[in-house]
Amino acid sequence: MVSMDTLVSLCKRRGFVFQSSEIYGGTGSCWDYGPLGVELKNKIKQAWWRDFVQRRADMVGLDASILMHSMVWKASGHVDHFTDPMVDCRECRHRFRADQLDEVPWVHYCPATKGNKFTIPAAEACSHCGGRRTLCPDCGKGELTAPRQFNLMFKTFMGPVEEDAAVTYLRPETAQGIFVNFENVQQSMRRKLPFGIGQIGKAFRNEITPGNFIFRTREFEQMEIEYFVNPHDTVDGRPADEHWHDRWIADCLAWFQRYGLAAENLRLHEHDRAELAHYSKRTADLQYRFPIGWSELMGIANRTDFDLKQHAKWSGKALTYFDEERKEHVVPYVIEPSAGVDRALLAFLADAYREEEVRGEKRVVLRFHPELAPISVAVLPLLKKRGDIVRTALTIRDELSRRFTTVYDDTAAIGRLYRRQDEVGTAYCVTVDVQTVGDTDKGEAADGKVTIRDRDSMEQIRVTASQLGGVVGDLLGGQRWAEVAAEVGRA
Ligand SMILES: [Zn+2]
Ligand SMILES: [Zn+2]
């Protein structure tokens, strides 16, 4: 498994992810997606939206605002319960989560060695005096305050007056935007249960200990679905909510595998009673073997009727569904598959990374699923001094860029250009050479063909310029390289 340092350095060097406000020293745990990062991120979101919203007859989409009525967060429980217990150091003023104090190495001035300074591994005792940490782990000198509850929502003010009545929050999850629009969507789209609403958008949490690159950040993007089910229905003799919960777990797992995550790097983690939120009937996390170890990639929760009932209570609106067959009003149960875009991107990146040896040389390659590759096609002229080759290559780039993310590069020799594209995971390279345009001096006729090179196998095929768009479209649409190569013939 690739290390996080290797990924962070590749991401910076090749324009995937930069530290936010880096020229000012950076901001805590915020990251900016560079030219290749934004393409990768967009492609992940597009694939998710197409597969889970557009292609399913039982799903619709939504884009709710980030700023919502402050009562939403009262009803959802976030104002009162979305908190972490914090302690402060009276000396250095650093703040820690009370329950994570023993998860970090601690600084110790040891009385048994004339006060020498040591850094002792997390949760271990000093090997000289046997002492355990009681003071601030960072400075090793300050006393810690008693724990206080700290709310993780970013607070702000709506309008020009900074008064209590104007307090609102940046949403800590996109889910609530869906719940409060349940009736709007159900009625405007005339939906029958079961149906779901999907949404992709930013969310904000003032995490005390963010970190591990884009794994845990204060500003992040979610892809969430709330799937509404009639709790009185049964499917195959089981309660409908339980049936749909299993279906969503299977669908999400299949989705991540389809776009490239290896099965052995994915596993399911069932929440036990202690982990389960009080309103949840069952929650399963999809975990991925990140460079930091097995960690949550997404969660799929059965939230029962908790959220709709809470909003009904606080808003005074019914938020029920009329079951025509049984002639009764019911509050739907909700299955919530909730994924983080940034985490998904990190997983796809880690899984794609390979260091290979090709003819005695190291090749770094990102083996992204072709549909997710930030650049679908790179167009490369074999000789940049030949005006006709360059012109043809630029025309091809222009044509392909109507349908695919395409770049043109002529800043190095072809071998070097291939390595550069491999390192950022470009799915296919198209090369224009002397044969393509012909050589009048030598009396060689143009064959009008270009070479397509497959990133993973490094095999090449030759196709005519007029075939090119169709072949690339087939490849990106899921047709296997071997099949296409067999059809048009290897170069
Ligand atoms: Zn301190
Ligand atoms: Zn000691």
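The values are calculated or read from the model by the stated rules, or taken from the named source; none is laboratory data. In this text the structure is predicted, and so the values were computed from the model without any measurement. Ideal geometry is used to build each Cβ from the backbone, glycine not excepted, and the neighbour counts take in all protein chains shown.
Some notes on this structure:
- Subset of the stretch 107-116 (residues that are within 10 Å of ligand 2 (Cβ to nearest atom) and exposed (fewer than 11 other Cβ atoms within 10 Å of the Cβ)): G115
- Test result for G443, touching a strand residue (DSSP E or B) at 6+ places or on another chain (Cβ under 8 Å) and at pLDDT below 90: no
- Any hit, the stretch 134-142, residues being exposed (fewer than 13 other Cβ atoms within 10 Å of the Cβ) and of a type in the set (G, A, S): no
- Test: residue in the stretch 10-29 that is touching a residue at least 40 places away in the same chain (Cβ under 8 Å) and in contact with a Ser or Thr (Cβ under 6 Å, 6 or more places away or on another chain): yes
- Once the stretch 127-155 is narrowed to residues that are more than 16 Å from ligand 1 (Cβ to nearest atom) and without any contact (Cβ under 8 Å) to a residue 24 or more places away in the chain, the residue that is nearest to G340 (Cα to Cα) is K155.
- Positions within the stretch 415-450 being over 30 Å from the mean Cα position of the chain (by Cα), crowded, with 19+ Cβ neighbours inside 10 Å and of a type in the set (V, I, T), in sequence order: T431, V432, T436, V437, V450
- Residue in the stretch 236-256 that is of a type in the set (F, W, Y) and closer than 24 Å to L308 by Cβ present: yes
Residue by residue, here is whether (1) in contact with a His (Cβ under 6 Å, 6 or more places away or on another chain); (2) modelled with pLDDT under 95; (3) farther than 30 Å from W314 by Cβ holds:
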| position | (1), (2), (3) |
| --- | --- |
| S29 | no, yes, yes |
| Q46 | no, no, yes |
| R56 | no, no, yes |
| V60 | no, no, no |
| L67 | no, no, no |
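- Residue pairs meeting the criteria (Cβ under 7 Å; at least 6 apart or on separate chains; first over 10 Å from T431 (Cα atoms) and of a type in the set (S, T, Y), in the stretch 449-468; second outside any loop (DSSP other than H, G, I, E, B) and modelled with pLDDT under 95): S457/W481; T464/K449
- Check on N302, touching a helix residue (DSSP H, G or I) at 6+ places or on another chain (Cβ under 7 Å) and over 29 Å from S3 (Cβ atoms): yes
- The strands (runs of 3 or more DSSP E) falling completely within the stretch 81-126 that include 1 or more residues that are among the hydroxyl-bearing types (S, T, Y) and more than 30 Å from H278 (Cβ to Cβ) map to 106-110, 116-120.
- Segments classed as helices (runs of 4 or more DSSP H), wholly inside the stretch 387-491, with at least 3 members that are under 29 Å from D51 (Cα atoms) and out of contact with any Lys or Arg (no Cβ under 8 Å at 6 or more places or on another chain): 387-400, 465-476, 481-488
- Only one of the numbered conditions (1) surrounded by 13 or more Cβ atoms within 10 Å (Cβ to Cβ); (2) in contact with a strand residue (DSSP E or B) (Cβ under 8 Å, 6 or more places away or on another chain); (3) touching a residue at least 12 places away in the same chain (Cβ under 8 Å) is violated by E270, and that is (1).
- Residue in the stretch 82-99 that is aromatic (F, W, Y), closer than 30 Å to V180 by Cβ and buried (at least 16 other Cβ atoms within 10 Å of the Cβ) present: yes
- The residues of the stretch 157-174 that are touching a helix residue (DSSP H, G or I) at 6+ places or on another chain (Cβ under 9 Å) and within 30 Å of P337 (Cβ to Cβ), listed by number, are T168, Y169, R171, P172, E173.
- Whenever a residue of the stretch 336-353 is under 19 Å from P210 (Cβ atoms), its partners that are of a type in the set (K, R) and surrounded by fewer than 23 Cβ atoms within 10 Å (Cβ to Cβ), lying with C-beta atoms within less than 7 angstrom and at least six residues away or across chains, give the pairs V341/K41; V341/K45; L345/K41.
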